[in-house]
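Comments concern the structure below.
Just so it is clear, none of the values below were taken in a lab; they were calculated from the coordinates. Being a predicted model, the structure only gives us computed values, none of them experimental. All Cβ positions, even for glycine, are placed from backbone atoms using ideal geometry, and neighbour counts span all protein chains on display.
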């Protein structure tokens, strides 16, 4: 469900639907407008904010309903995830089926889920002031927290499936995996920046950016903000991390043959194969000017890649407890 939530969030962003609901009502917001009058009230609220005034001033009620759907569905699915987690948790808690250690982990996961809801509204708020677009920093924080939830949940699952296991690993393999995981994290962060700044709509060529490998004055990199706010620089950094990860896959492919046991090899090999697929999805998204379907699959691919990275880390660092 969290996988699906990330994809729904990506579609919400790509369809510019995220600012269609201008208030946050965790309980009352469960119900959408149910009649013409309620739709007109919701549309009137939307018309009071910058996105309508600056970007969508020609939008009619039918157009509003289209963007309203994805934001509403995004929020509704988030509430549903909360219920799917909370109700079984209460059942198992009162059945005394949870160890103290597992209970703590589940409470952390529940807290992260609630925090994600707050982060989502904090992100939306940034687009309701003067600039009709959400802060790409808050967008990145919202997306990264989703990946943290996925990674932590899957780590718990692996701990339940392989209790008390000790996977011995070579020091060089550990080091490579940690570096790989850090680069993946930065790559996903910059992917969020690319989405938030619409940086994927510039320099839609590959492997060069237009006619150059570096399509800007290198001195611009001396400006710290350019690394995070200039859409051309952000796309360049995202591309660069992609090449770096491909280079890392070559190193780890040769390392895992001699330095990993059978279960680690399988995990690492899956991760490396999918990284290549994700790289190709990214290139396709860029060359096709960010089509909704391919871009959504690319974002979902990042979720799968994170799962495989967590699996590799688990089988490399997990010690018997």
In whole µm²/s, the translational diffusion coefficient that Stokes-Einstein assigns to the chain, given a Kirkwood hydrodynamic radius over C-alpha pairs, 37 °C and 0.692 mPa s, equals 152
Please find the FRET efficiency linking residue 93 to residue 247, where r is the Cβ-Cβ separation and R0 is fixed at 45 Å, and quote it to the nearest 0.05.
0.45
Bin all alpha-carbon pair distances of the stretch 141-185 at 5 Å intervals from 0 and give each bin's fraction as a whole percent.
5, 17, 15, 22, 24, 12, 4, 0
Compute the Kirkwood hydrodynamic radius of the stretch 266-305, taking the inverse of the mean of 1/r over all pairs of distinct Cα atoms, and give it in Å to one decimal.
10.2
Residues in the stretch 241-255 that a label on residue 172 would reach, taking backbone N under 20 Å of a point 7 Å out along Cα→Cβ
245-255
Please report Rg (one decimal) and Dmax (integer) in Å for the Cα set of the stretch 1-161.
17.9, 58
For a label point 7 Å along the Cα-to-beta-carbon line of residue 201, residues of the stretch 211-249 with backbone N under 14 Å
231-232
Given 0.36 nm per residue, what is the gain on full extension from residue 30 to residue 292 after removing their alpha carbon distance, in nm?
91.7 nm
Calculated FRET value between residue 40 and residue 240, using beta carbons and R₀ = 45 Å, to 0.05
0.40
Rounded to the nearest 0.05, what FRET efficiency do residue 262 and residue 179 have when you use their Cβ-Cβ distance and R0 = 35 Å?
0.90
Kindly provide the Kirkwood hydrodynamic radius of the stretch 107-201 in Å, to one decimal, from all pairs of distinct alpha carbon atoms.
15.7
So what are the three principal axis dimensions of the stretch 169-321 from its Cα atoms, in whole Å, longest to shortest?
48, 36, 28
Whole-Å distance linking the alpha carbon centroid of the stretch 156-197 with that of the stretch 284-321 is 11
Percent of all Cα-Cα pairs per 5 Å bin for the stretch 92-136, counting from 0 up to the last occupied bin, reads 5, 19, 16, 13, 11, 9, 8, 7, 7, 3, 1
Starting from 0.36 nm per residue, how many nanometres of slack lie between residue 118 and residue 214 once their C-alpha separation is accounted for?
30.7 nm
